[in-house]
Structure formats: structure tokens, C-alpha cells
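**Q** Can you read through this structure? Questions will come right after.
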Amino acid sequence: MNRDELYAFWRFEENFPFSGWSFYHLEDRWEEEPLPWDFRAEVLSTLRHGDMLLDVDTGGEFLLSLGHPYERTAVTELPNPDGGSIANELAPLGIRVASCDASTDELPFDDCTFDVAICRHGSYVRRELYRVLKPGGIMMMQQIGGRNNELLARRLLPGHEMPCPQHHLSAEVARFKQTDFEILDAREYFPKLRFFDSGAVVYYARMMDWEFPGFSVDACKNELYALEKEIAERGYVQSMQHRFFIVARKPR
């Protein structure tokens, strides 16, 4: 493609609609390196049929994949001013759905209610997790670390500083210990993320606007041309993700 064709392609990707937290538009256009752990398998290895389970800041789909008894399951979800709610899918099943901001609010559950709490890429308050877990209760989480897409963000936005550099494994483990949790497992990994065309980069950066603040095709045109050249030469442009995994226990 010449420059005019590339620009039109990027503008199309920049304006392509995104909804439902689905990445179908990038199918076969990117490649994610798998994590060295399987969070679902880790949860299932701990969770017992009779446990009371809390999914903090739920995504819904992952929770349902666990197959845990609905009547022994509760979730929190972030209030949506537009009216959409995961409760429409989960509440009819018998799952208790609580609307609250789990990053700041008190969780609307009694003390010592849950045997297991999980949080996959969501927000939380450590002291609240401690409060609602039973003695001996387990907290399991997988988080997106503060260096997620750092390399690509700095290529598109020179001089960009990541918004949460302190969000990484060792710092979070220390915070959990300060909240009196016992750490049972803690792992961190930086998987590769490869894009096979520059339009996929545009779509992704526009979608992940908190990691690429100020990104637009017009503002980053020169940087996009440089990425297009790299893709033409080696077949892809590479970013780096950041994930960490913690299992913690409230003392008995």
C-alpha cells in the first residue's frame, strides 16, 4: 500500500466499532504468547463443591466456566451508568450480584462469608477481601501489571510514562502481607504480543486508550509508518504484556 492507502486503512481501523470486550476483529492478525500458568486450572484445583465463592469485579464468562454451584456463588460488578449489567445474565441463574466499585467501596457482604475469592483482571481492596473471607479462606488473583504494553506505548507515544508502574508482583505481595494475608503462591511473567499488520495496532491502541492516552492516527502517523516498515521487513511488530498471579490465605 502507498501512504494514502495506508492512511485510509488506519482511519478505518481507528473508527471500527468495539463492543462487548471481544477481540474477534483481531483474529489471525495478532498472536499472544500463552502464560506459564492456567488461572482457571489453578482455581479449580483449590475450589471445592461446597465452598462459598466470590468473584470480585466479575467478567461473567470466566466465572461460568468454573461450573461452581450458582447458589454458592456471589459476584461484584462495577455500576454501569448506561444501564448494562452482568446481573441480567447471572442473577436469573441464582447467583447473587452486588453492584459496587470494588476498588474503593466496602463489599456488601458480611464478615467471614466466603471460602474462596477470585479476581481476574479486576479491582479490589485488600482489607475488604480479608474481611469477607472466612478464617483459612483463599484469595486467588491474576492481574494485568503496570508495564503492560509499555514498549509499544513508548514507540507510538515517545516520552510516554506508564500510569501505574508500582503495580507489579513484589509490591503487591508486600501489600498483601501488610494486610495480614499469608502468601501461598506468587508468579509474574511478561508474555510477547505480536501484531501482523499496522491496522491491528491502530485498532488495539484506540481500544486500550488508558494504556495509549492521546493516541490517534493523525497524532502518531510518523510512528505508524515506522511500524509498517518493520512489519514489512520481519513480518510483525512486538509488544510486551505484563501479568502476575497471587494466591493468599487469611490465617485460621
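The values are calculated or read from the model by the stated rules, or taken from the named source; none is laboratory data. Everything numeric in this text was worked out from a predicted model, so none of it was measured. Counting neighbours? That spans all protein chains shown, and the Cβs are built from the backbone with ideal geometry, glycine included. SASA here: full protein model, heavy atoms, side chains in, ligands and nucleic acids out. Shrake-Rupley method; radii C 1.70, N 1.55, O 1.52, S 1.80 Å.
**Q** What is the percent carbon and sulfur in the accessible area of segment 149-252, measuring with a 1.4 Å probe over the protein chains and ignoring ligands?
**A** Numbers: 2330 of 4750 Å².
After summing per-atom areas, the C and S share lands at 49 percent.
**Q** Follow-up. Among [x] 19.2, 57; [y] 18.0, 58; [z] 20.3, 66, find the value of Rg and Dmax of the Cα atoms in Å that was calculated from the structure presented, and write down its label.
**A** Of the labelled values, this structure produces [z].
**Q** Would you mind calculating the relative contact order of the chain from Cα pairs under 8 angstrom and at least 6 residues apart, reporting the percent as a whole number? Could you put the intermediate results ahead of the total?
**A** Working: 420 pairs, mean separation 59.3, N = 252.
Rounded, it is 24 percent for the chain.
**Q** Residue by residue, what Karplus-based ³J(HN,Hα) values in Hz, rounded to whole numbers, does segment 57-66 have, using 6.51, -1.76 and 1.60 with θ = phi - 60° and x for Gly and Pro?
**A** Going residue by residue, I get 6, 4, x, x, 4, 4, 4, 5, 5, 6 Hz, with x marking Gly and Pro.
**Q** Another question about this same structure. When only DSSP loop residues count, what GluC sites (Glu not before Pro) in segment 156-214 have their Cβ near at most 13 other Cβ atoms within 10 Å? Provide the component values of the computation, followed by the final result.
**A** Details: sites: GLU161, GLU172, GLU182, GLU188, GLU211; in loops: GLU161, GLU211.
Within segment 156-214, the qualifying GluC sites (Glu not before Pro) (loop, at most 13 other Cβ atoms within 10 Å) are GLU161.
**Q** Something else: If each residue of separation counts as 0.36 nm, what is the full-extension length gain between ALA219 and ARG127 once their alpha-carbon separation is subtracted? Before the final figure, lay out each step's value.
**A** Details: separation 92, 0.36 × 92 = 33.12 nm, distance 4.20 nm.
Net length gain for the segment: 28.9 nm.
**Q** Using DSSP to define loop residues, name the GluC sites (Glu not before Pro) in segment 25-81 whose beta-carbon has at most 11 other beta-carbon atoms within 10 Å. Let's see the in-between values first.
**A** Working: sites: GLU27, GLU31, GLU32, GLU42, GLU61, GLU71, GLU77; in loops: GLU27.
Sites meeting the loop and neighbour criteria: GLU27.
**Q** Follow-up. Can you list residues from other chains, or at least 5 along the same chain, whose modelled amide H is less than 5 Å from the amide H of MET240?
**A** Here ASN149, GLU150, LEU151, LEU152, LEU193 satisfy the definition.
**Q** Rank ALA74, ALA41, ALA153 by mean-square fluctuation in a GNM of the chain with C-alpha springs under 10 angstrom and give only the top-ranked residue.
**A** Highest fluctuation of the listed residues: ALA41.
**Q** Turning to a different aspect of this structure: Positive end of the dipole of the chain, charges at C-beta (+1 Lys, Arg; -1 Asp, Glu), about the Cα centre: which of LEU133, ALA41, TYR236 has its Cα farthest in that direction?
**A** Checking the options against the dipole of the chain, the answer is LEU133.
**Q** Additional query: Search the structure for amide H atoms under 5 Å from the amide H of PHE114, placed 1.01 Å from N in the peptide plane, and list their residues when 5 or more places away or on another chain.
**A** Amide H neighbours of PHE114, under 5 Å, 5+ apart: LEU133, LYS134.
**Q** Using DSSP to call loops (not H, G, I, E or B), can you name the trypsin sites (Lys or Arg not before Pro) in segment 37-79 whose Cβ has at most 14 other Cβ atoms within 10 angstrom? Before the final figure, lay out the partial values.
**A** Values: sites: ARG40, ARG48, ARG72; in loops: ARG48.
In loop regions of segment 37-79 (DSSP not H, G, I, E or B), the sparsely surrounded trypsin sites (Lys or Arg not before Pro) are ARG48.
**Q** Hey, another quick one. Hey, in the GNM for the chain with a 10 angstrom Cα cutoff, which one of PHE176, PHE12, PHE212 fluctuates hardest?
**A** Largest GNM mean-square fluctuation: PHE12.
**Q** Using 0.36 nm per residue, how much length does the chain from ARG252 to SER85 gain when fully extended, once their Cα-Cα distance is taken away? Intermediate values should be presented prior to the final figure.
**A** Numbers: separation 167, 0.36 × 167 = 60.12 nm, distance 3.55 nm.
Gain on stretching ARG252 to SER85: 56.6 nm.
**Q** How large is the charge dipole for segment 119-247, taken about the Cα centre, if only the Cβ atoms of Lys, Arg (+1) and Asp, Glu (-1) carry charge, to the nearest 20 debye? Before the final figure, lay out the partial values.
**A** Working: 18 positive and 16 negative charges, 78 e Å.
So the magnitude is around 380 debye.
**Q** Ok, one more. Rank CYS119, CYS100, CYS164 by mean-square fluctuation in a GNM of the chain with C-alpha springs under 10 angstrom and give only the top-ranked residue.
**A** CYS164
**Q** How much length would be gained if the chain were fully extended between ARG48 and ASP209, taking 0.36 nm per residue of separation minus their Cα-Cα distance, in nm to one decimal? Display every interim value, and only then the final one.
**A** Values: separation 161, 0.36 × 161 = 57.96 nm, distance 3.86 nm.
Using 0.36 nm per residue and subtracting the Cα-Cα distance, I get 54.1 nm.
**Q** Given the rule -39500 (n - 2.57) for each run of at least 4 DSSP H residues, summed and divided by the residues of the chain, what is its mean residue ellipticity at 222 nm, to the nearest 500 deg cm²/dmol?
**A** Estimated from H runs of four or more residues: -8500 deg cm²/dmol.
**Q** Let me ask something else. Once neighbouring chains are kept in place and the probe is 1.4 Å, which whole percent of the accessible area of segment 1-143 is contributed by carbon and sulfur?
**A** Within segment 1-143, the accessible surface is 48 percent carbon and sulfur.
**Q** Moving on to the next point. Between GLU61 and GLU182, what is the label-point separation in nm under the 7 Å Cα-to-beta-carbon projection?
**A** In this crude spin-label approximation the distance works out to 3.6 nm.
**Q** Report the local net charge at HIS167: Lys and Arg +1, Asp and Glu -1, summed over other residues whose C-beta lies under 14 Å from its C-beta.
**A** Values: positive: ARG126, ARG147, ARG175, ARG243; negative: GLU150, GLU161, GLU172, GLU188, GLU211.
Surrounding charge for HIS167 is -1.
**Q** Could you please report the charge total around LEU90, scoring K, R as +1 and D, E as -1 over all other residues with beta-carbon less than 14 angstrom from its beta-carbon?
**A** Numbers: positive: ARG72, ARG96; negative: ASP55, ASP57, GLU61, GLU71, GLU77, GLU89.
So the surrounding residues net to -4.
**Q** Another question about this same structure. Whole number in Å², please: accessible area per residue of segment 145-227, 1.4 Å probe, ligands, DNA and RNA not counted. It would help to have the intermediate numbers written out before the result.
**A** On the way: 3710 Å² over 83 residues.
Result: 45 Å² per residue.
**Q** Which value, in Å² rounded to 10, gives the accessible area of TRP37 with a 1.4 Å probe and all protein chains present?
**A** Surface open to solvent at TRP37 totals about 20 Å².
**Q** Over the chain, what is the percentage of antiparallel beta bridges among all DSSP beta bridges, to the nearest 5?
**A** Numbers: 21 of 37 bridges.
That works out to approximately 55 percent antiparallel.
**Q** If you don't mind, another one. At a Förster distance of 35 Å, what's the computed FRET efficiency of LEU151 paired with ARG175, Cβ-Cβ distance as r, to 0.05?
**A** On the way: r = 26 Å, r/R0 = 0.75.
With R0 = 35 Å, the Cβ-Cβ based efficiency is 0.85.
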